[in-house]
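As structure tokens, the structure follows; a few thoughts come after it.
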There are 2 protein chains.
Amino acid sequence: MPYPKDHAEKSRGKILASAYKFFVWKGFDATSIDEIMQDCQMTRGAFYWHFQSKTQLYREAIVHAALQSRLAGDKPQDVSEQAWLGELLDAYLDKDTSAKTEWPCPLAFFVSDVTHREPDVRHAYTKAFSAMNAHIHGHANRYAECREGTVLAVTAMLIGAVAITRTIDDDLLRGRLLDACRELAAGQLGLE
Amino acid sequence: MPYPKDHAEKSRGKILASAYKFFVWKGFDATSIDEIMQDCQMTRGAFYWHFQSKTQLYREAIVHAALQSRLAGDKPQDVSEQAWLGELLDAYLDKDTSAKTEWPCPLAFFVSDVTHREPDVRHAYTKAFSAMNAHIHGHANRYAECREGTVLAVTAMLIGAVAITRTIDDDLLRGRLLDACRELAAGQLGLE
DNA sequence: GTCTATAGAAAGATAGAC
DNA sequence: GTCTATCTTTCTATAGAC
């Protein structure tokens, strides 16, 4: 047999990861299927064997990225709930790691991009947003009373902060913004 | 003379307003110069007499929209600072008015769209973001001590909330999100 | 599974008439 | 100032070979 049995799965993952990289870097519209496939050392023909359309790729990439979030993963046993949530918060608002991780948060990076996409893409975004809130709420509730509204407001601030950070061109302002949001978030989540 | 002397200025303003409407509705990339000009009952030729490029149009539209913000305007004399800021906050987070006003906030509507644009567009965005913070800070400082960081965090939350509201497809969740952000913002700005 | 070739549509920008 | 005509590029998606 010419192809190993996990070959298709590997190629698919490669396309997904490469596509996400380009979407983060250039945005959905400015990214062409050609450049994604060139990056994967394949051609357009292979793409349409794995995916039905560019939109489907986008939706799947968003879902996949949301699942890669450390927030969706397990807390190490030797770390307290508060310390863990604090660590995730710091990582989320760190302007160096946030953009350099392989799967940056799609909620922040694509927020006003997904607005204009097909309903199923927006639905995937909505699910991911709900999941982020549920995860934070789950952690926070293990050490203190925490209302859903508090989490929603904090999440909106975090997503807004990261999205704005990527957009503005003033590095000092970026730093002050992220610091301020970290402080308010920590306060609201009882991490001080 | 075939054209009244303010004709050029009127046409320009018409293009700007129409373009903004399309950018809000479909996003920058999905909006073509053709459809903007059709909406203005003119053709592409006229566009390139008024503007150098689609990017320049975008930048000017963002600057213009930021100046249209009620936050940039004057407070009515018969309203207290706190009441005024509270009113602006409510309007900003009202999901009906926020999208129906003629010049919705570019900071929220285009945040992850501007990320991938030319440096001068991002610079215009940065200026507008700073201006929004300065305006809020200015108001808040007239009735209480208010740190810059507090305003930055609140602004990020407001922008995030409006951007997310536009993107998610769950109307109940939208409502809870906006309510929660309104409450936290009011608390942070001393409006209770 | 992946390739090449191509159909088919659209958009940004320019040139020159009026 | 605005129009029409056109150049040029780019992109999604499909068809069929291997």
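The values are calculated or read from the model by the stated rules, or taken from the named source; none is laboratory data. Bear in mind the structure is a predicted one, so any value in this text is a computation, not a measurement. Reconstructed Cβ throughout: ideal geometry from the backbone, glycine too, with neighbour counts over all protein chains shown.
Just one of (1) buried (at least 19 other Cβ atoms within 10 Å of the Cβ); (2) out of contact with any Asp or Glu (no Cβ under 6 Å at 6 or more places or on another chain); (3) at the interface with chain B (Cβ under 10 Å from one of its Cβ atoms) fails for A:P119. It is (1). Among the residues of the range B:3-61, just one is away from chain A (no Cβ under 14 Å), near DNA strand C (Cβ under 9 Å from one of its atoms), touching a helix residue (DSSP H, G or I) at 6+ places or on another chain (Cβ under 8 Å) and of a type in the set (S, T, N, Q), namely B:T43. Among the candidates B:G187, B:G160, B:G175, the residue that is facing chain A (nearest Cβ under 8 Å) and assigned to a helix (DSSP H, G or I) is uniquely B:G160. If you check A:E145 against the conditions, is it surrounded by fewer than 17 Cβ atoms within 10 Å (Cβ to Cβ), out of contact with any helix residue (DSSP H, G or I) (no Cβ under 8 Å at 6 or more places or on another chain) and over 19 Å from A:P106 (Cα atoms)? Yes. I'd like to verify a number: residues in the range A:158-185 that are among the acidic types (D, E) and touching a Leu at 6+ places or on another chain (Cβ under 9 Å), how many? The number of residues fulfilling the criteria is 1. Could you tell me whether any residue of the range A:66-87 is β-branched (V, I, T) and surrounded by fewer than 18 Cβ atoms within 10 Å (Cβ to Cβ)? Yes, the conditions are met somewhere in the range A:66-87. Restricting the range B:29-44 to residues that are surrounded by fewer than 16 Cβ atoms within 10 Å (Cβ to Cβ) and assigned to a helix (DSSP H, G or I) leaves a set whose member that is farthest from DNA strand D (Cβ to nearest atom) is B:E35.
So which pairs qualify, if the first residue must be in the range B:38-59 and closer than 17 Å to B:G27 by Cβ, the second must be polar (S, T, N, Q), the Cβ gap must be under 6 Å, and the two must be at least 6 apart or on different chains? From residues that are closer than 17 Å to B:G27 by Cβ, the pairs are B:D39/B:S18.
Kindly indicate whether any position in the range A:18-28 is over 30 Å from A:A161 (Cβ atoms), in a loop (DSSP other than H, G, I, E, B) and either within 16 Å of DNA strand D (Cβ to nearest atom) or modelled with pLDDT under 95 (or both). Checking the range A:18-28: not a single residue is over 30 Å from A:A161 (Cβ atoms), in a loop (DSSP other than H, G, I, E, B) and either within 16 Å of DNA strand D (Cβ to nearest atom) or modelled with pLDDT under 95 (or both).
Every condition in (1) more than 16 Å from DNA strand D (Cβ to nearest atom); (2) among the charged types (D, E, K, R); (3) touching a residue at least 40 places away in the same chain (Cβ under 8 Å) is met by B:D96 except one, and the failing one is (3).
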